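Please treat every number below as a calculation from the coordinates, not as lab data. Everything numeric here is computed off the predicted structure, so don't read it as measured data.
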């Protein structure tokens, strides 16, 4: 998941893995495609994309990493789609500094 096309990385490698690994599928999704007419992938919150594409996930494991609200939404969706909690692995992350402080140059 990325916000805009400029944020996507390793797209070629992920596409190659889709072809090489029979039980693997990656889907690139943007939360804010904006006016980029070249983008042909999924658009929306990642939970909405998974909700559209995956009606039954009961035979799978899930690995989720992101900010707490996104992880909480994903956990609820994955459980509704059939993944038991013991097969969902997650990491919630936050920053401890405001964006202005984190981007300030060192002196």
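Key figures
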item	result
Descending principal axes extents, the stretch 56-96, alpha-carbon based, whole Å	36, 14, 11
In degrees, nearest ten, helix 11-20 long axis to first principal axis of the chain (Cα)	20
Convex hull per residue volume in Å³, alpha carbons only, for the chain	151
For the stretch 1-44: span of alpha carbons on each principal axis (Å, largest first)	33, 16, 15
Value of relative contact order over the chain, rounded to a whole percent, pairs C-alpha under 8 Å and six or more apart	20
